[in-house]
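Novice: One structure coming up, written as structure tokens, with questions to follow.
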Amino acid sequence: MMWFTRKRKKRSMGDETAGRQAPADSERSLADLFNDLRQSKDFVSRDHALKNMTVRISYVKPLIDTETMHRDVTRYLLKSEAATLEDLIPDLPYTTVIHTKDVKEMKEKLLRGYVLIQENQNEANGILLETVAKSGRQVDAPEVEFSVIGPKESFVESLEPNLYLIRKRLPISELRIKEVVVGKLTKSRIAVIYIEGIANKENLNTLTQRLKDIQYDQVIDSSFITQMVADNNHSPFPQLLDTERPDRVVSGLVEGKIAMLVDGSPLALMGPTTIVEFFSAFDDYALTWYLASAFRMIRLASVAFSVLATPLYVAVLTYHYQLIPKSLIGTIISSRMGIPFPPFVEAFFMEITIEVLREAGVRLPTKVGQTIGIVGGIVIGTASVQANLTSNILLILVGMGALASFTTPNYKMNNTVRLLRFPFLIAAAFWGLIGIGACFGLIVAHLLTLKSLGRPYIEPFFPYRVRDLKDAFVRLPYNQQGIRPQQLRPLDTWRLSHKKKKGRDIDE
């Protein structure tokens, strides 16, 4: 009884301690704020004697541009004859000067690269000047979504240059950019971009509300956002389209999509999206429509071959050998002669080997990774055949399947395609072609329930919309794509201006 009482008291004390929360920034004094900041060596706070007053200048050194600090702040302060803080504002060469008495705003701006100027260091009254250090890599050519034809610009890790890349391609006043801050510790800035009068307000409200509901302490990359705002977090299929190309983001905005840019991430997110968009590349829109349609069909066929080639090999050799043509029976028997493993173990071993080589090639430095991928594949494949661990026919199928999976333009969908081979392979080993059909049915049923920002994921096939088929398996000419995708529910459905010809051309 005494133990229970003591335990209960200890827990009550713990509850009381947990209930004592740290005071909010708005309730803290300026002295407490500066005491916290002084714990870090990179925080600078010094007094400067001007002609008629003394001011204190405070900033976080790594976050500011030192050249801007001396050129636009210190230089003009020493020349100023102001006697109060308010009189000092016109003497500074800044169009936007923040005059605030909010301690919380002071803390946020200081940690964002602003300089705080105070007349009295103990009074919550100061001027904030933006002197953010402009660091980061330059705009370069796309690495993941490279195209032979078209622009050679890609997003970088800084938000402002990324917004510039979009603004210069959309010089319209209807372009809207709203900023949302998420992450309790990282305070990551997210720009939500859309076109007023085209984007559906329901899609915008859905995305904005999901961003505001994020309670995670860190949001470092756009991939975090993808998982947190997705309709189904357990699905292997990506539900927001990620891209590093500004031209593709602009194309999506014009259609009625909503884009997101995360400060610190070189990838933009767009939604709502459909599964067909993950298999379309920028080259599809830079080439003529019949070439683009042919290449897209080849791409889709390659993905189907990558997923089904090895499972069909296992199913046919295990259960349905009657389907093998007589002209191939001798070749298959001779290739499997002396192999001690059943087709499933043989295929599973080869698929795992391919995935290990892929991971090794990605994680190692570029030059070493390329060598490991090429040499490792040749050596392991040749040694496996010579050691009678696998057949040369299966080796060809696995190699062609791995090669076919690389035709997927989107990296996240490529990972999904890689993963799907294993459920099909296991189903083929247990139930043959019936297992492959059942696995295919389960995936279709899952896709039927999947949504992107509340919109159907496999539109225009379900729900079936004939008008949206113009950019699905094939890409029709631009003069036949006058209506924006119905799946997006755009406010302005027409994108093609209809003008009648006044007369015939001179050569008609």
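The values are calculated or read from the model by the stated rules, or taken from the named source; none is laboratory data. Remember, it's a predicted structure, so these values are computed and weren't measured experimentally. Every residue, glycine among them, receives a Cβ derived from its backbone with ideal geometry; neighbour counts consider all protein chains shown.
Novice: Restricting to segment 91-102, give me the number of residues that are surrounded by 13 or more Cβ atoms within 10 Å (Cβ to Cβ), part of a loop (DSSP other than H, G, I, E, B) and of a type outside the set (Val, Ile, Thr).
Specialist: The number of residues fulfilling the criteria is 3.
Novice: Same structure again: Give Ala428, Ala472 a once-over and let me know the one that is touching a Pro at 6+ places or on another chain (Cβ under 7 Å), at pLDDT below 90 and buried (at least 16 other Cβ atoms within 10 Å of the Cβ).
Specialist: Just one listed residue meets the conditions, Ala472.
Novice: Of the conditions (1) of a type in the set (Gly, Ala, Ser); (2) exposed (fewer than 15 other Cβ atoms within 10 Å of the Cβ); (3) on the phi < 0 side of the Ramachandran plot, Ser158 fails just one. Which one is it?
Specialist: The one condition Ser158 does not meet is (2).
Novice: (1) over 16 Å from Ala309 (Cα atoms); (2) hydrophobic (A, V, I, L, M, F, W, C); (3) over 26 Å from the mean Cα position of the chain (by Cα): which one isn't true of Leu448, the others all being true?
Specialist: (3)
Novice: Which ones in segment 178-220 are exposed (fewer than 14 other Cβ atoms within 10 Å of the Cβ) and in a strand (DSSP E or B)?
Specialist: Lys178, Glu179
Novice: Among (1) surrounded by 13 or more Cβ atoms within 10 Å (Cβ to Cβ); (2) in contact with an Asp or Glu (Cβ under 7 Å, 6 or more places away or on another chain); (3) outside the structural domain of Ser251 (by TED's automatic domain parsing), there is one condition Leu165 misses while meeting the rest; what is its number?
Specialist: Of (1) surrounded by 13 or more Cβ atoms within 10 Å (Cβ to Cβ); (2) in contact with an Asp or Glu (Cβ under 7 Å, 6 or more places away or on another chain); (3) outside the structural domain of Ser251 (by TED's automatic domain parsing), only one is false for Leu165: (3).
Novice: Next question. Just to be sure I understand the filter: pairs with C-beta atoms under 8 Å, separated by 6 or more residues or on different chains, first member in segment 337-355 and in the same structural domain as Tyr319 (by TED's automatic domain parsing) and acidic (Asp, Glu), second member buried (at least 20 other Cβ atoms within 10 Å of the Cβ) and part of a loop (DSSP other than H, G, I, E, B). Which pairs pass?
Specialist: Glu346/Thr390; Glu346/Ser391
Novice: Just name the residue that is surrounded by the fewest Cβ atoms within 10 Å (Cβ to Cβ) out of those in segment 76-90 that are in a helix (DSSP H, G or I) and touching a helix residue (DSSP H, G or I) at 6+ places or on another chain (Cβ under 9 Å).
Specialist: Lys79
Novice: Is it the case, given these coordinates, that Thr186 is in contact with an Asp or Glu (Cβ under 9 Å, 6 or more places away or on another chain), touching a residue at least 60 places away in the same chain (Cβ under 8 Å) and of a type in the set (Ser, Thr, Tyr)?
Specialist: no
Novice: Are any residues in segment 203-261 of a type in the set (Gly, Ala, Ser), touching a strand residue (DSSP E or B) at 6+ places or on another chain (Cβ under 6 Å) and within 17 Å of Leu175 (Cα to Cα), and if so, which ones?
Specialist: Scanning segment 203-261 gives Gly252, Ala259.
Novice: So Gly435 ticks every box in (1) modelled with pLDDT under 90; (2) among the small types (Gly, Ala, Ser); (3) assigned by TED's automatic domain parsing to the domain that holds Ala315 but one. Which box is left unticked?
Specialist: (1)
Novice: Now, a different point. So, of the residues in segment 423-469 that are touching a strand residue (DSSP E or B) at 6+ places or on another chain (Cβ under 7 Å) and either without any contact (Cβ under 8 Å) to a residue 40 or more places away in the chain or part of a strand (DSSP E or B) (or both), which turns out to be nearest to Gln480 (Cα to Cα)?
Specialist: Checked segment 423-469; the qualifying residue nearest to Gln480 (Cα to Cα) is Arg467.
Novice: Determine which member of the set Leu261, Leu267, Leu185, Leu240 is farther than 26 Å from Gln486 by Cβ and in contact with a Ser or Thr (Cβ under 7 Å, 6 or more places away or on another chain).
Specialist: Leu267
Novice: Counting only residues that are charged (D, E, K, R) and assigned to a loop (DSSP other than H, G, I, E, B), which one in segment 35-75 is farthest from Lys109 (Cα to Cα)?
Specialist: If we take residues in segment 35-75 being charged (D, E, K, R) and assigned to a loop (DSSP other than H, G, I, E, B), then Lys51 is farthest from Lys109 (Cα to Cα).
Novice: How many residues does segment 185-237 contain that are under 16 Å from the mean Cα position of the chain (by Cα) and within 23 Å of Lys107 (Cα to Cα)?
Specialist: Residues flagged as under 16 Å from the mean Cα position of the chain (by Cα) and within 23 Å of Lys107 (Cα to Cα) within segment 185-237 amount to 7.
Novice: In the set Leu85, Leu116, Leu110, which member is over 24 Å from Lys41 (Cβ atoms) and either touching a Phe, Trp or Tyr at 6+ places or on another chain (Cβ under 6 Å) or in contact (Cβ under 8 Å) with a residue 40 or more places away in the chain (or both)?
Specialist: None of the others qualify; the one that does is Leu85.
Novice: With the checklist (1) of a type outside the set (Ser, Thr, Tyr); (2) under 21 Å from Leu389 (Cβ atoms); (3) out of contact with any helix residue (DSSP H, G or I) (no Cβ under 9 Å at 6 or more places or on another chain) in hand, flag the one item Pro365 doesn't pass.
Specialist: Result: Pro365 fails condition (2) only.
Novice: Looking only at residues in segment 245-269 that are assigned to a loop (DSSP other than H, G, I, E, B) and closer than 15 Å to Glu179 by Cβ, which one is nearest to the chain's Cα centre (by Cα)?
Specialist: For segment 245-269, the residue satisfying everything is Ser265.
Novice: Need a quick list: helices (runs of 4 or more DSSP H) entirely within segment 273-389 having at least 3 residues that are within 26 Å of the chain's Cα centre (by Cα) and at pLDDT below 90.
Specialist: 283-286, 343-363, 366-386
Novice: Here are Leu420, Leu397: which of them is assigned by TED's automatic domain parsing to the domain that holds Ile329, surrounded by 14 or more Cβ atoms within 10 Å (Cβ to Cβ), farther than 23 Å from Glu143 by Cα and more than 26 Å from the chain's Cα centre (by Cα)?
Specialist: Leu397
Novice: Here's another thing I want to ask about it. Hey, can you tell me all the residues within segment 44-63 that are crowded, with 17+ Cβ neighbours inside 10 Å, in contact with a Phe, Trp or Tyr (Cβ under 8 Å, 6 or more places away or on another chain) and not small (Gly, Ala, Ser)?
Specialist: Matches in segment 44-63: Tyr59, Val60.
Novice: Which condition number does Ser147 fail, the rest of (1) touching a Phe, Trp or Tyr at 6+ places or on another chain (Cβ under 8 Å); (2) among the hydroxyl-bearing types (Ser, Thr, Tyr); (3) closer than 30 Å to Lys412 by Cβ; (4) modelled with pLDDT of 85 or more being met?
Specialist: It is condition (4) that Ser147 fails.
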